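Okay, so here's the structure we're looking at.
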Amino acid sequence: MKLVQIIFCFLLFIIFVNAQEKVAHMPKPVGGMESIINNVLYPKDAKKEGIEGKALVVAVVDENGDVQKVSIANEVNDLLGKAAMEAIKKTKFTPGKDENGNVVKTEITIPIKFKLDNCKKKKKEEKHS
């Protein structure tokens, strides 16, 4: 039984695409959401301290479906931010396509929520009582 439950919200937003080119088909992870889930490791120190949060990972997916750059778009614990960026870097995507079906470099934002299960939370609360 896992002690940690990681919830993923997979919402993709276009910010800029090759000089603001329109994207008709957004990049998607090869293997679906499961591929991202399998790449996420909840940091041990974050678990120990009962740290939860949501990281908004901004990723640039190139024409081959590889992640070229990642950054965090919101304020989140450094441990969670680094874990989220590492997971996205390891993920292969199908590339984005423009209205003519040409593959294009695409910037996407992927929210990743880190949440501890209730058992871990209760232990943390008891410890501080």
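Cα gyration tensor of the range 31-102, axes a ≥ b ≥ c as square roots of the eigenvalues: rounded (a/c below 1.5), prolate (a/b > b/c) or oblate? Prolate shape, in that a/c is at least 1.5 and a/b is the bigger ratio.
Please compare each pair in 44/92; 54/115; 28/92; 69/89; 47/92 to a cut-off of 18 Å on the Cα-Cα distance and tell me which ones are over it. Pairs exceeding the cut-off: 44/92; 47/92.
Just so you know, all these numbers are worked out from the coordinates, no wet-lab data involved. This structure is a prediction, so every number in the text was calculated from the model and none was measured.
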